[in-house]
Number of protein chains: 4
Amino acid sequence: MQLGLVGLGKMGFNMRERLRRAGHDVVGYDRNPDVSDASSLADLVAKLDGPRTVWIMVPAGAPTRQTVEELGELLSEGDLVIEGGNSRFTDDQEHAKFLAAKGIGYLDCGVSGGVWGLENGYGLMVGGDKSNVDRAMPIFDALRPEGPREEGFAHAGAVGAGHFSKMVHNGIEYGLMQAYAEGFELLDASEVVTDVPSVIKAWQRGTVVRSWLLDLLVRALDSDPELDDLRGYVEDSGEGRWTVEEAINHAVPAPVISAALFARFASRQEDSPAMRAVAALRNQFGGHAVHKAGPTSGSGSTGS
Amino acid sequence: MQLGLVGLGKMGFNMRERLRRAGHDVVGYDRNPDVSDASSLADLVAKLDGPRTVWIMVPAGAPTRQTVEELGELLSEGDLVIEGGNSRFTDDQEHAKFLAAKGIGYLDCGVSGGVWGLENGYGLMVGGDKSNVDRAMPIFDALRPEGPREEGFAHAGAVGAGHFSKMVHNGIEYGLMQAYAEGFELLDASEVVTDVPSVIKAWQRGTVVRSWLLDLLVRALDSDPELDDLRGYVEDSGEGRWTVEEAINHAVPAPVISAALFARFASRQEDSPAMRAVAALRNQFGGHAVHKAGPTSGSGSTGS
Amino acid sequence: MQLGLVGLGKMGFNMRERLRRAGHDVVGYDRNPDVSDASSLADLVAKLDGPRTVWIMVPAGAPTRQTVEELGELLSEGDLVIEGGNSRFTDDQEHAKFLAAKGIGYLDCGVSGGVWGLENGYGLMVGGDKSNVDRAMPIFDALRPEGPREEGFAHAGAVGAGHFSKMVHNGIEYGLMQAYAEGFELLDASEVVTDVPSVIKAWQRGTVVRSWLLDLLVRALDSDPELDDLRGYVEDSGEGRWTVEEAINHAVPAPVISAALFARFASRQEDSPAMRAVAALRNQFGGHAVHKAGPTSGSGSTGS
Amino acid sequence: MQLGLVGLGKMGFNMRERLRRAGHDVVGYDRNPDVSDASSLADLVAKLDGPRTVWIMVPAGAPTRQTVEELGELLSEGDLVIEGGNSRFTDDQEHAKFLAAKGIGYLDCGVSGGVWGLENGYGLMVGGDKSNVDRAMPIFDALRPEGPREEGFAHAGAVGAGHFSKMVHNGIEYGLMQAYAEGFELLDASEVVTDVPSVIKAWQRGTVVRSWLLDLLVRALDSDPELDDLRGYVEDSGEGRWTVEEAINHAVPAPVISAALFARFASRQEDSPAMRAVAALRNQFGGHAVHKAGPTSGSGSTGS
């Protein structure tokens, strides 16, 4: 079928390619003219036959909101917008309402798979009306991985359910990565385990911890066995934060996902104000040594 | 090759079967005569040709130690013991030393795979001398999954390295399971996601969180979509505890693995003494309502 | 000086009494006519001489917002509103802006001290313009504890700073309480410590952990040495949640405060969906026993 | 009464002084002749009249064990040893047994108070037989703070109970410090709170979080309002680790105390191997930017 695709970054670019390989007619638009099939959003819309389906794949927040608003002006009654970025699920309800007033349909779609999606397909979680889901199914079927549809695609519920599911997916992802990471560090610290990469590689088959993330860790260790080409500095995107916030909103204990999030925050700190406070307290009550700030670190005084 | 196998419980029984399917000559011994091939440990040893290889697959702690000691009396110089249970790695060094004094070799082997190992093969992590590892390789090759050896088998280091690796494997497993579990609970608490099992099923292909554990969660949800046939009561075996203890010994932060462990402890408490203390404190300073122990719970007084 | 005080619940009632003891002229209003000095909010305003100062001490959220709005209609240019409830600091900026449009001043004041404040005084953290703070200082001085002003009162910053400070205060409080609670539970679980209440009582003088909360724990143990008259069921009010949310907003690691919050969530669950998921997973891969839901709990199958 | 005191470091030196001020006859021994009253341990013992009481105040572990063993040779039946260092409670049972075989009594005593103990007195938690406790009570009474005995002294149980109590005390201390520290960091990160030291100072009276540790934090902020004269590098001594280990041994959830411990571990890492693993994983699946190790940090590649 025909699809307009707004946003041809790392994700959108590959998705256009995967859809075209499946025989779909994709008109892409990006501000970068080198990759764009249309000169403007209006041009993109003009190039599509009605009723149109337009997939938005731009950064969450203001860029997505602005695109939804512009499409609201450009599209017609009976058209359909699919928002596939990493938006917060609470944004979807606003987008859907805004477009519904113009008779334009709306689906939110969480998309997982990263740079591997072009070849492997993308895991898809969709929220919205069943009729809209059915209408876009050829697109979803082309994007999702080979195999049974229900193992790579879910209609999770009403508008917002797709991004809520993706948010939780990413929260889980934070926890999984941190679990492997802690295990890696402990193996690394052990005196008795002398071949850490081989141990992790050997977990790929038969073990309880085998997973795609484990395969990727093996891949990383293959090229950098100590992982010392990079620094332990880890960004976080919105989903991990939102997951903890929603856990709080629903009074759901989330100790593992929050610990994983906080470990990322801490990884980006040159120095921790909190730990300065702890050091100051220990010094106050016990005369314990502190490490002075400045070029020479570490300082005298005996412990107790 | 020929192997003596001590312990034919859930794991050992299946391992004997898998080894026999691969053409090995296994003589098994278990206290349960219905499954045993020998009438006693002495009988087992007598049934083996020298130099013998005997695999121990009995519960960790006293049963394993006792079996090592008895084998120390029964075996001869040049024989080899492989300890495949869930022992603490610190026990291995004692076992190896005890047997070395008698000229008996020792390998420790962490075995992962649970009840699925019979068909899928077992992930293996081994510690000990290379010559002993080479000698037992036909056994390892039969037990490990199909595919490249290094994806299901590792020689992790000296004696103890196999069980240390398995310990960390299980610590990671605790973290992974808790991450999925927190995500499940949050999806379950959501008003917008109305088909939780479908969402989790859809994570099986293409997503970042796909894994064998996820496949098992899908399997569990297939037969019990709300998981309400069972209670949230979770045992722990030694490995999770040891992982946190070793993390502490090595000054490795392990917030995720420890959170997963503590969640299991809490799951087994009818009532939490700690939370009684928090409730008592809130009542003291703020006159906040407390829930009285006893048949009728909940009590009056307004919050502030 | 003269003060209007809206809300005569557990906190407001005692504050009126403390202010009157200090010689201030307080006109209180509450929907409960038994404690109210005025028949309506309009009556309260009518009873005050201009320029008026009105302190709001009603539940956070809608009740506070509604009171601010009504006062906006009733008060006059040059009057001053002090919002002393447990509001989220982000509400203050809206309240201040709304009132500023009418020429009415606004201060937000975090108030700590609970039911003990009548006798001990209340710790106060205030946000807003210095001129307004100075104007209300006689009230603050009467409410705060004896001793140097700066040890029980702070002008924390602009509007919102008072409630932000109180929010953090309460977040810390969660962490402190949980730390004592974990220690209590561990002492309680110990076989070697046979007189737990005496140990905790002995921490009141000379130790590093002495505090007012510890004194309250001793007080609770005096009347209930095992704390078994109550259940480990703990509510949370907004501040703990907001503290974690603000920590996330500022990328501040807050493992302790969030752990304390999650422990409260868990304390209120009859059964944990997350731990049901973990139990289901263990059963899937290892055939581990699960506890069935229903009247008889616990079920067979051996562990591995 | 007369007391031998072995170890005149930061703690022992002050304790000798406090005991002498109370009129006790203290003979101190330290390897440092500048502070010692005796030339050797044997000389110390020779200077005491029987039945002797000797207090050990040397570092935990080997130094304490060695001192106990030497005293076992030097002392006589009917003498009493009080072990006041930060030993693990499991050591006490061995010490007591060793000395009991020679008819020498044993008490373990947890001592809290740090460098402030000289003036404020020390919080004391004692394990052992009541008759020995009674015998040493004049010493305990001189060391403990003014006020009711039970508010600064406890006979916690049999041998080991004193050090177990002190261990838990220190575990709680870790949690308390981290709670204040997280709150400090969040205040520090806030845009709206512009006078953080004043806010914390104002918590000293009337609030729920007032404590001696808070007073010390105020004291630290008085001399260094941003705490930027020191680095967020925090050591840990054994007690925090042991507390978590004992929590694990007793299946007691200890999320706050363990989080506080792990924050210390992390504070001492130049770079985190675990977070390198997380960074590597993100890079693998999403092409997310990593920070390269080496002189120039941060590197290109777009996020997704």
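The values are calculated or read from the model by the stated rules, or taken from the named source; none is laboratory data. Because the structure is predicted, anything quoted here is derived from the model rather than measured. Using ideal geometry, Cβ is built from the backbone for each residue, glycine included, and neighbour counts are taken over all protein chains shown. In case anyone asks, the SASA skips ligands and DNA or RNA and just uses the protein heavy atoms, side chains included. Shrake-Rupley method; radii C 1.70, N 1.55, O 1.52, S 1.80 Å.
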Review point. With respect to B:Gly50, is the statement that it is modelled with pLDDT of 95 or more and either assigned by the TED database to the domain that holds B:Asn120 or open to solvent by 60 Å² or more (accessible area, probe 1.4 Å) (or both) true?
Key: no
**Study point:** Answer from A:Glu73, A:Glu83, A:Glu17 - the residue that is of a type in the set (D, E, K, R) and in contact with a Phe, Trp or Tyr (Cβ under 9 Å, 6 or more places away or on another chain)
**Key:** A:Glu83
Study note, to complete from the structure: Over the range C:1-31, the set of residues closer than 16 Å to C:Gly84 by Cβ and charged (D, E, K, R) is C:Lys10, C:Arg16, C:Glu17, C:Arg18, C:Asp30
Review point. Restricting the search to the range A:62-87, which residues are among the aliphatic types (A, V, I, L, M) and crowded, with 16+ Cβ neighbours inside 10 Å?
Key: A:Val68, A:Leu71, A:Leu74, A:Leu75, A:Leu80, A:Val81, A:Ile82
Practice item. Output yes when any residue across the range A:278-290 is of a type in the set (Phe, Trp, Tyr) and modelled with pLDDT of 95 or more, and no when none is. Key: no
Practice item. Could you check, for the range D:126-140, whether at least one of its residues is touching an Asp or Glu at 6+ places or on another chain (Cβ under 6 Å) and not assigned by the TED database to the domain that holds D:Ala22? Key: no
Check your understanding: In the range B:170-177, is there at least one residue being open to solvent by less than 10 Å² (accessible area, probe 1.4 Å), over 30 Å from A:Ala158 (Cα atoms) and in the same structural domain as B:Glu17 (by the TED database)?
Key -> no
**Study point:** Condition check for B:Leu99: open to solvent by less than 50 Å² (accessible area, probe 1.4 Å), within 25 Å of B:Val159 (Cα to Cα), free of Cβ contacts under 8 Å to residues at least 60 places away in the same chain and of a type outside the set (Val, Ile, Thr)
**Key:** yes
**Study point:** Selection status of D:Leu41, under 21 Å from C:Val208 (Cβ atoms), aliphatic (A, V, I, L, M) and surrounded by fewer than 24 Cβ atoms within 10 Å (Cβ to Cβ)
**Key:** no
Review point. Looking at the range A:232-289, which of the residues that are surrounded by fewer than 23 Cβ atoms within 10 Å (Cβ to Cβ) and among the aliphatic types (A, V, I, L, M) is farthest from the other protein chains (Cβ to nearest Cβ)?
Key: A:Ala289
Review point. What tally of residues in the range D:1-30 results from selecting those that are part of a loop (DSSP other than H, G, I, E, B), in contact with a helix residue (DSSP H, G or I) (Cβ under 6 Å, 6 or more places away or on another chain) and over 23 Å from D:Ser76 (Cα atoms)?
Key: 1
Review point. Got a number for residues in the range A:114-135 being hydroxyl-bearing (Ser, Thr, Tyr) and facing another protein chain (nearest Cβ under 7 Å)?
Key: 1
Review point. Quick check, is A:Gly78 more than 27 Å from the chain's Cα centre (by Cα) and modelled with pLDDT under 95?
Key: no
Exercise for review: Look at the range A:122-152 and say how many of its residues are of a type in the set (Gly, Ala, Ser) and surrounded by fewer than 24 Cβ atoms within 10 Å (Cβ to Cβ).
Suggested key: 4
Exercise for review: For B:Tyr174, work out the one condition from (1) within 20 Å of A:Met177 (Cβ to Cβ); (2) at the interface with another protein chain (Cβ under 7 Å from one of its Cβ atoms) it doesn't fulfil.
Suggested key: (2)
Check your understanding: Since C:Asp30 meets every condition but one in (1) surrounded by 19 or more Cβ atoms within 10 Å (Cβ to Cβ); (2) touching a Pro at 6+ places or on another chain (Cβ under 6 Å), which condition does it not meet?
Key -> (2)
Revision key, fill the gap. Note on C:Gly183: of the conditions (1) under 20 Å from C:Asp224 (Cα atoms); (2) open to solvent by 10 Å² or more (accessible area, probe 1.4 Å); (3) at the interface with chain D (Cβ under 7 Å from one of its Cβ atoms), unmet is (2)
**Study point:** Sole residue being outside the structural domain of C:Val111 (by the TED database) and not in a loop (DSSP other than H, G, I, E, B), chosen from C:Asp188, C:Asp228
**Key:** C:Asp188
Review point. Hey, does the range D:153-165 have a residue that's open to solvent by less than 10 Å² (accessible area, probe 1.4 Å), within 16 Å of the chain's Cα centre (by Cα) and more than 7 Å from every other protein chain (Cβ to nearest Cβ)?
Key: yes
Review point. Would a scan of the range B:210-231 turn up a residue that is open to solvent by 10 Å² or more (accessible area, probe 1.4 Å), within 8 Å of chain A (Cβ to nearest Cβ) and out of contact with any Ser or Thr (no Cβ under 9 Å at 6 or more places or on another chain)?
Key: no
Revision key, fill the gap. Filtering the range B:194-222 down to residues that are closer than 21 Å to A:Gly127 by Cβ and of a type in the set (Gly, Ala, Ser) yields B:Ser198, B:Ala202, B:Gly206
Review point. Could you count how many residues in the range B:48-96 are without any contact (Cβ under 8 Å) to a residue 12 or more places away in the chain and either of a type in the set (A, V, I, L, M, F, W, C) or touching a Lys or Arg at 6+ places or on another chain (Cβ under 6 Å) (or both)?
Key: 1
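Yes or no: A:Ser198 open to solvent by 10 Å² or more (accessible area, probe 1.4 Å), at the interface with another protein chain (Cβ under 7 Å from one of its Cβ atoms), part of a helix (DSSP H, G or I) and not hydrophobic (A, V, I, L, M, F, W, C)?
Yes: the conditions hold for A:Ser198.
Residues checked against (1) within 18 Å of the chain's Cα centre (by Cα); (2) assigned to a helix (DSSP H, G or I); (3) closer than 26 Å to C:Gly286 by Cα; (4) of a type in the set (D, E, K, R):
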residue: B:Asn32; (1), (2), (3), (4): no, no, yes, no
residue: B:Pro51; (1), (2), (3), (4): no, no, no, no
residue: B:Pro59; (1), (2), (3), (4): yes, no, yes, no
residue: B:Gln66; (1), (2), (3), (4): no, yes, yes, no
Exercise for review: Would you mention how many residues in the range D:136-152 are aliphatic (A, V, I, L, M) and at the interface with chain C (Cβ under 7 Å from one of its Cβ atoms)?
Suggested key: 0
